[in-house]
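Take a look at the structure below.
No value in this document is a laboratory result; all are computed from the given coordinates. Given the structure is predicted, the values throughout are model-derived calculations rather than measurements. For neighbour counting, all protein chains shown are included, and Cβ atoms are generated from backbone atoms with ideal geometry for every residue, glycine included.
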Amino acid sequence: MAALPADPAPSASPAHSVSAASSASSTPHRVVVLALPGLLPFELGIPHRIFGRAKGPAGRPLYTTLTCGLAPGPVPTDADFDVHVAHGPELLATADTVVVPACYELGPVHDEGRLTPPLAAALAHVRPGTRLVSICTGGYVLAAAGFLDGRRATTHWASAEHFQRLFPAVRVDPDVLFIDDGDVLTSAGVAAGIDLCLHIVRRDHGTAVANDVARRTVVPPHRDGGQAQFIARPVPEPLQASTAAARDRLLGRLHEPLLLAELARQESMSVRTFTRRFREESGLSPGQWLTRQRVERARHLLESTDLPMDRVAREAGFGTAQSLRKHLQAVLGTTPTAYRRTFRDTDPAAHPAAHPVVAPGAVPIGDPAVT
């Protein structure tokens, strides 16, 4: 039986260096959310909820999240109420990160790809080097301002074709949840904004902090940006076999060498059917999904333990320190040593114990030696 093949790191999970925001600082990172007329209240609340729950040692807030409008005062929403905003656009000049949520009244921004004079004047306050984030159709604002020219970006799948026609200089990927392009990050619609904000917390402060925010918010701790926006059949039809049990087994045995044919046999499917159904239900191939789970496991071990790199590699399922280094470099743009130095948790007791070490000589799925 052939071993489950490794998939290359998907392009939708871009490499990036560990954010400077993760460095120790007594001043919280300032996030300013730009509330535009016609905004969606759900998307407006996402940055406040996610960044507002991120805490450092002794409960110290890691972010300050504020909201501004094109002028102080009421901002109409797409619901039956307005939102009162206390700050005008001058607040953008104080931001370390600017977030533009979705809104339904973009006018010339949406129809012609150009900023209105008030919006252009507001964005002129943004300092060079400020991190820029859009949620859903908030990407139209970044694109109209020229911030996305020559970059990969995404938006809600229903708007992607129009977005690409309107902004041909942007490389639009309609099939991902979010895209991290370093200092500019874009997300798909609605809940993908939660995934992107959690990704930013994870990038800035590591998985322990991001997972704590996810627990408090009662959402999944991690959906990779490369996961598909729209999955044809996320829930199996009645009496149809599912791959959910196989994924559960894989999560509990990341350090073991598992075979694709064995997984298919346990679910009473052919390899071809199992692979197709796995992708339908998760949005990823088995190899892509497994590699991502192993990267997350490695990040947890690097943050919460002092295990040597060879053992981290084995317990995460990569087999060798060289393989671990290759996968972290591809996904995170940094080495295991640098990642640990940046995000090492000083309280290992706060984390569950590591999985048992893989048996000596076992070759895990995803290692370059597997064929």
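Close amide H contacts of residue 102 (hydrogens built in the peptide plane, cut-off under 5 Å, sequence separation of 5 or more or a different chain): 40, 135, 137, 138.
Rounded to whole numbers, the Karplus 3J(HN,Hα) couplings from phi for segment 197-207 are 5, 5, 4, 5, 4, 5, 5, 6, 10, x, 6 Hz, using 6.51 cos²θ - 1.76 cosθ + 1.60 with θ = phi - 60°, and x at Gly and Pro.
By average Cβ neighbour count within 10 Å, what is the ranking of 126-134, 294-302 from highest down? Don't skip to the end; give the middle numbers.
On the way: 126-134: 17.6, 294-302: 23.8.
Those peptides, ordered most packed to least, come out 294-302, 126-134.
Each label was represented as a point 7 Å from its Cα along the Cα-to-Cβ direction; for residue 162 and residue 268 these points are 4.7 nm apart.
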